[in-house]
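Enquirer: If you scroll down you'll find the structure; I have some questions about it.
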Ligand SMILES: [Zn+2]
């Protein structure tokens, strides 16, 4: 029992900050009022990470990088990892292979203009949109030199995302079936693991799920995941930003999009103070 507690304390988890605009959320149904807040919202997160002496991986949308080159430089200077969250934040399901190559080409061209030749090792698909319907994206990632992907959500709760049957811990992902492990695969996958309770798999490690559940439950659940493995916690800067515009949406989408925004940064701080976190590449030993 003592050994188990020690293990929990020493596990280093991965922190993913999906650096996008508030209007990139698919739940807004394509509404894009030109209110740009990503830089201000992300700086709040940077300050929090400084305060908690934590490093993470910022998966940045290319459009955001193009508009805010200083923000990218700041993230990089603070020794956080820079990863890719697409150029336009279109889910893979709305792209084909050629469009995706073009997205990555534009992303890398913008990043190179800002940072010079810095290796980008990690990709995180917008809206967890990697599954067996979009597995063609894996070869594109390999062609662009990516070492890992962090897009698989191994629970299927709705028609839009989720892969039932995918491993819960990091694995070398098969190019033929994203649910399969292939030791010879050039890409490592870091799925977002759910809490396993009896027969249920409950997502808790980030985003809406983190805003939804109370801190003591998150603490208990994440500790439980840490008994077996590290988790990946993801957060969007707009989720902790009080000025995020609350657009008119259906009741469900409004709840998912905006619930808990005012307390989300406090919740992040609570978790950052209770678990160890680092950049995804460091947790995977790919630094
Ligand atoms: Zn996103």
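Read the figures in this text as sums done on the coordinates, not as results from a lab. Owing to the predicted nature of the structure, the values given are computational and were not obtained by experimental measurement. With ideal geometry, Cβ positions are generated from the backbone for all residues, glycine too; neighbour counts draw on all protein chains shown.
Enquirer: Note down the relative contact order for the chain as a percent, whole number, built from C-alpha pairs under 8 angstrom at least six residues apart.
Expert: Answer for the chain is 25 percent.
Enquirer: Any idea what the relative contact order of the range 133-262 is, in percent, if you count C-alpha pairs under 8 Å spaced at least 6 apart?
Expert: About 19 percent, as a whole number.
Enquirer: Something else now. Need one number: convex hull volume per residue for the range 1-92, Cα atoms only, in Å³.
Expert: 128
Enquirer: Let me ask something else about it. Counting only helical runs of four or more DSSP H residues, what would the 222 nm mean residue ellipticity of the chain come to if each run contributes -39,500 (n - 2.57) and the total is spread over all its residues?
Expert: -11000 deg cm²/dmol
Enquirer: Still on this structure, please answer the following. Order of 143-154, 177-188 by packing, highest average Cβ count within 10 Å first?
Expert: 143-154, 177-188
Enquirer: Now for a separate question. Could you state the number of Å between the C-alpha centres of the range 192-251 and the range 85-107?
Expert: With the range 85-107 and the range 192-251 each reduced to a Cα centre, they are spaced 26 Å.
Enquirer: State whether the range 62-220 is rounded, prolate or oblate according to the following rule on the C-alpha gyration tensor (a ≥ b ≥ c being the square roots of its eigenvalues): a/c under 1.5 gives rounded; otherwise a/b larger than b/c gives prolate, and the remaining case gives oblate.
Expert: Oblate, because a/c is 1.5 or more while a/b does not exceed b/c.
Enquirer: While we're looking at this one, here's another question. Percent of Cα-Cα pairs more than 20 Å apart in the range 159-255, please.
Expert: Result: 50 percent of Cα pairs exceed 20 Å.
Enquirer: If neighbour count is taken as other Cβ atoms inside 10 Å, put 52, 127 in order from fewest to most.
Expert: Fewest-to-most Cβ neighbours within 10 Å comes out as 52, 127.
Enquirer: A further question on this structure: Can you give the Rg/Rh ratio of the range 1-155, where Rg is from the C-alpha atoms and Rh is the Kirkwood radius?
Expert: Value, to two decimals: 1.00.
Enquirer: Is the chain best put as rounded, prolate or oblate by its Cα gyration tensor, with a ≥ b ≥ c the root eigenvalues, rounded for a/c under 1.5, and otherwise prolate when a/b is larger than b/c, oblate when not?
Expert: rounded
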